[in-house]
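**Q** Got a structure for you, written out below as structure tokens; questions coming shortly.
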Amino acid sequence: MTVTRVGKACALAAVGAVIGACGNATPPSTPPSGPPPINYTHVWSAQPGIDLFSRGAELVRATFESGHYAEITDDVHKAYPGYGDALGAPPGRNYNSNGHDDDGVIHDGWWIHEPNLDTSGHASPATDHAYITDYSATATDIKAVVCDYALSPDPTVEDPEHIDSSYALELHNPTSDPGPAGIAQTAPGARDPRATLPPTWNVFGPWQITRLSTLPIGNVPLGPAPPGGGSPPPITTPQSCVDWWKNQLHGWDLNGHLYPPNGSTTPHEPLQPQYPQWIGPT
């Protein structure tokens, strides 16, 4: 997705450096294994009537954010806890971003975005503003579209150049167990001392990710009918995303893709606090 690219690649997740110091008498400690800390945040909003803290919206957020973090770790099982299992990915197996795997999931890629890594393996920091729309949820099935754009705190980064797609996400629960819901963040902007990034628990529980695909902007026909019949999935970005983008990025115009006004520069902002935060399971 071009909106989140920094340079030639997407800056949809970032890793902060871990810096330690020790005295002369103390040998240097071995860096902890596991996922690196994230220096890339998400700030979520949603179409009126959608509760960001509902179980369904929480799973949409976890799926989208996990896709970013999996690219950092290069392993879906080292992203948010439970992400690899929700995808049905065999342990120890990495997936390329083309999504050519016979797994039953309709997807373009396992991690959605490619971060802009520097020579030390860190990705450029940014804040991803994400919006949930076209949402429906039952006890067994969740569907949503996520539109987003990322802004860098670095004034030398001139992205996004344009916006060309959104994302369709679908999840299914074959059980009667909804899984552990997270603690709702009651004070936007205030950091809860219990919050971690990534979350420390398996947000997904028994839920399975059954669709993770891009929706281009423009008049594109419906996709193929799903196995067993039924209506084919739409593969175009909904108008609600376009309206949100244009409201967020004033002056941007739809001309095949969304483009900034002529002569304008890409907006920048300091790295924003994660919202909602991953505080812990209820």
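**Q** Do we find that P91 is open to solvent by 60 Å² or more (accessible area, probe 1.4 Å) and either assigned to a strand (DSSP E or B) or modelled with pLDDT of 90 or more (or both) in this structure?
**A** no
**Q** Right, something else. Out of the strands (runs of 3 or more DSSP E) lying entirely within segment 126-183, which hold 3 or more residues that are farther than 26 Å from Q239 by Cβ?
**A** It comes to none.
**Q** Select, from I132, I50, I142, I72, the only residue that is among the aliphatic types (A, V, I, L, M), touching an Asp or Glu at 6+ places or on another chain (Cβ under 7 Å) and modelled with pLDDT of 50 or more.
**A** Exactly one of I132, I50, I142, I72 is among the aliphatic types (A, V, I, L, M), touching an Asp or Glu at 6+ places or on another chain (Cβ under 7 Å) and modelled with pLDDT of 50 or more, namely I142.
The values are calculated or read from the model by the stated rules, or taken from the named source; none is laboratory data. Because the structure is a prediction, the values reported are computed rather than measured. Neighbour counts run over all protein chains shown; Cβ positions are idealised from the backbone, glycine included. Surface accessibility is based on the protein's heavy atoms, side chains included, excluding ligands, DNA and RNA. Shrake-Rupley method; radii C 1.70, N 1.55, O 1.52, S 1.80 Å.
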